[in-house]
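See structure below.
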Amino acid sequence: MQRIPIPNCETCPIRSQSLFGVLQEHQLPELSSSKGCYFFRRGEVIFHEGSYPAGIYCIHQGSVKLYRSDSGGNVVIVRLARAGDLLGYRALLSNERYTATAEALEDTTLCFIPRQTFFELLRQNTDLMAAVTELLARDLRAAETRLASLAQKSVPQRLAEILLYLRELFGEDETGALKTTMTRRELAELVGTAPETVIRLLSDFQRRKLISTDHRHIRILDPAGLAYLADLED
């Protein structure tokens with residue numbers, strides 16, 4: 001972790017993509033002056049499962065994975081976050097420990113907003129409170145959907161669904177490759193299976209011309225075919 005110059009909230013292009021886009025102009029200087037900004041290299045931990053939050057993080061640039069691990073060292077990625085997303089807000093609002101570890105998925109810049117500043121902004125701005133409530137509801141729906149997918153869908157179906165999700169979340173570069181550098185192990189941790197299974201299924205998807213792969217880069221050639229395989233509704 002490295003502390004870096006603080007981006008100005010008044011001119012930040014990412015603010016409109018975050019919950020702080022609903023803040024009024026007079027509230028932005030307070031937010032800028034009270035926050036810190038940090039740079040994390042890929043693989044660096046932002047916070048650990050089981051620790052207490054002192055505030056919330058807003059991703060300014062990059063992406064983050066949140067995962068849980070058991071005593072046997074098995075890891076399951078429970079959420080991916082991109083620029084504009086908040087980290088740690090559920091634990092802060094409930095005054096509980098973090099339920100997952102947050103780790104930079106790529107080189108990432110984060111703004112840290114202290115607890116007191118965040119709660120004061122919530123008190124002053126009903127639109128921010130409504131946005132947080134809506135975010136919590138979306139998170140609950142996403143968790144229910146993921147739980148149903150793990151319980152009801154096969155591993156190939158889940159992998160097909162995850163590939164489409166990654167395209168929606170991160171987009172594609174100029175070559176058509178998914179704009180994420182997730183390893184095969186990280187894909188397995190997201191799908192809920194072994195890395196060897198993911199490697200075998202990706203080869204099968206490529207043989208069926210659903211995707212093409214080049215090292216870590218994955219290109220989706222037939223999104224409709226993946227959606228059909230994943231049993232996704234129109």
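Coordinate-derived values only; no laboratory data. Remember, it's a predicted structure, so these values are computed and weren't measured experimentally. Please note: Cβ atoms are built from the backbone with ideal geometry, for glycine as well, and neighbour counts cover all protein chains shown.
Normalised Debye scattering of segment 99-234 at q = 0.14, 0.17 Å⁻¹ gives log10 I(q)/I(0) of -0.78, -1.01, counting only Cα atoms as equal scatterers and leaving out solvent. Over the Cα atoms of segment 21-104, the radius of gyration divided by the Kirkwood radius equals 1.01; this is the Rg/Rh ratio.
Shown in residue order for segment 142-157 are the 3J(HN,Hα) couplings computed by the Karplus curve 6.51 cos²θ - 1.76 cosθ + 1.60 at θ = phi - 60°: 5, 5, 5, 5, 5, 4, 5, 5, 5, 7, 10, 9, 6, 4, x, 5 Hz (x for Gly and Pro). A straight line joining the Cα centroids of segment 156-193 and segment 1-44 runs 28 Å. Each peptide in 83-90, 166-173 receives the mean, over its residues, of other Cβ atoms within 10 Å, and ordering these scores from highest gives 83-90, 166-173. With the convex hull constructed from alpha-carbon coordinates only, segment 189-232 shows a mean projected area of 3.3 nm² over all directions.
Each residue of segment 94-100 is assigned a 3J(HN,Hα), and the resulting list reads 8, 6, 10, 6, 4, 9, 8 Hz, derived from the Karplus form 6.51 cos²θ - 1.76 cosθ + 1.60 (θ = phi - 60°), x at Gly and Pro.
For segment 44-185, the dipole from Cβ point charges (+1 on Lys and Arg, -1 on Asp and Glu) about the Cα centre works out to 420 debye, to the nearest 20.
Shape summary of segment 77-132, radius of gyration then Dmax from alpha carbon positions: 12.6, 35 Å. The string of couplings for segment 111-116 from the Karplus curve (6.51, -1.76, 1.60, θ = phi - 60°) is 9, 10, 10, x, 3, 4 Hz, one whole number per residue in order, with x for Gly and Pro. Tell me the net charge near residue 40. Cut-off is 10 Å between Cβ atoms, residue 40 excluded, with +1 for each Lys or Arg and -1 for each Asp or Glu. Summing Lys and Arg as +1 and Asp and Glu as -1 gives -2. Its Cα gyration tensor gives the chain an equivalent ellipsoid, and the semi-axes of that ellipsoid, as √(5λ) in whole Å with the largest first, are 33, 19, 18. Residues whose amide H comes within less than 5 Å of that of residue 218, counting only those at least five positions distant or on another chain, are 178 (H built at 1.01 Å from N in the peptide plane).
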